[in-house]
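Read through the structure below, which is laid out as structure tokens, and then see the notes.
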Amino acid sequence: MLEGLGPALAASPDILLHRLDPVHEAAHLVRLNEAAYAQAAFLDDSIMGPQTPGLWARLDEIAGLTGGLPERCDFIFHIGHVGSTLMSRLLGAFPGVLSLREPMPLPLLAQLHGHLNRPESLWSAERFEAVLSLCLKLWSRTYRPGQLPLIKATSWAGEMAPALLSRSSRPRALMMTVTPEAYLAGVLVSPPATGDVRVSATTALARLHRRLGAEPFTLHRMSLGERTAMVWACEMLALKAAADEHPGQVHWIDFDTFLAAPEPGLTSALTHLGQPADPAAVRMVVQGPLMSRYAKGGHPFDATKRRQLLNSSRQSNHAEIIKGLAWLEDAAGRFHAIAALAQASSSMSQ
């Protein structure tokens, strides 16, 4: 199936591991180029056109052709709808960074990781490690020496952040968040974001309960604002667990703090990733078109527009924002881990 593709598969990112089929032990490979990586909001099915070359291949066959590749990539983890796509684009504007936004196998790997060592696990821990290593090696390929692969994870893939940061390559991570109040206002004003909360709430509550070691909350009794606050707490607990285990590998970014001072914020992110942060280059990127259009769609959108939307939401969604904050306050009173989130979030937004 891969005859003749071995050298190309190992040489550059032009062949992307697009989909993973754990049942059939196979992967879908597609051809991209550097411009396509830069353009794509996400490495999902939206990159596929009628003329996009692709094929399915056995995982073991791919591994046999790429076993000598190094594993070296860093990450952006986030809680969802907090500017991670914009940050990925900004960092990808520098020649030393190759940004990969939400490769599709990563959230699936996070899901499989959550089942490891359980009777229903599809893979053994050893098989999971082999496939994870294969994916990370393929995502570690770059277009030029010294370039850094930077993977922006899907928000719920943050559940696997502690395991990813524990790898021997010692990946570095940017962790993006906002305060609970800003998260509630931002999500509740956006139909796509509220849709994400509705879809993910069941899984998020199960993950939250596992981390708390108790099952005190009932989803069907929770309002949309309370569910949104719960998702914030779930995703933040996953990221904080990784940061607590690997503090030297993590740099936190509060999105609204970043928007208030993007040049020092971008400089700090580049420095954490070991990249040059020339002030003139940083200023050119910040003053360029990326900061004035929506990172996922390209239409005009900037920090002023975000502030206007948040303020509008604080009026139109006041009741649900209050419910969400009250839910968090009650949960913080019952669980120290959630109380610690509020303290950490407050310090990040300063």
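The values are calculated or read from the model by the stated rules, or taken from the named source; none is laboratory data. Keep in mind it's a predicted model, so treat the numbers as computed, not measured. We place every Cβ from the backbone using ideal geometry, glycine too, and count neighbours over all the protein chains shown. These accessible areas exclude ligands, DNA and RNA; they are computed on the full protein's heavy atoms, side chains included. Shrake-Rupley method; radii C 1.70, N 1.55, O 1.52, S 1.80 Å.
Per residue of the chain, the DSSP helices (runs of n ≥ 4 H) give a summed -39500 (n - 2.57) that works out to -16000 deg cm²/dmol at 222 nm. Just to confirm the number: angle between the C-alpha axis of helix 318-334 and the first principal axis of the chain, 0 to 90 degrees, nearest 10? Rounded to the nearest ten degrees, it is 80. Using a probe of 1.4 angstrom and keeping all protein chains present, the accessible surface of the chain works out to 44 square angstrom per residue.
Over 22 Å apart: what share of the alpha carbon pairs of segment 25-106 falls there, rounded to a whole percent?
In whole percent, the share of Cα-Cα pairs in segment 25-106 beyond 22 Å is 36.
In the complete set of protein chains, residue-level accessible area for W327 is approximately 20 Å², probe 1.4 angstrom.
The mean sequence distance of close C-alpha pairs (under 8 Å, at least 6 residues apart), as a share of the length of the chain, puts its relative contact order at 19 percent. Counting only Cα atoms, the chain measures 61, 55, 41 Å along its principal axes, largest extent leading.
Here segment 187-284 is treated with +1 on each Lys and Arg Cβ and -1 on each Asp and Glu Cβ, and its dipole about the Cα centre works out to around 400 debye. Dipole size of segment 39-147 about its Cα centre, with +1 on Lys/Arg Cβ and -1 on Asp/Glu Cβ: approximately 320 debye, rounded to the nearest 20. With the whole protein complex present, S316 retains an accessible surface near 80 Å², based on a 1.4 Å probe.
Within the same chain, lysines fewer than 8 places from K152 are excluded, and of the rest, those with a Cα less than 30 Å from its Cα are K137, K240, K296, K305. Subtracting the Cα-Cα distance of D244 and S133 from their residue separation scaled by 0.36 nm leaves 37.6 nm.
For the chain, a simple Cβ point-charge model (Lys and Arg +1, Asp and Glu -1, everything else neutral) yields a dipole of about 460 debye relative to the Cα centre. When T202, T194 are compared by accessible surface with a 1.4 Å probe, the order from highest to lowest is T202, T194. Using the Cβ-Cβ distance between E25 and S168 with R0 set to 30 Å, the FRET efficiency from 1/(1 + (r/R0)^6) comes to roughly 0.75.
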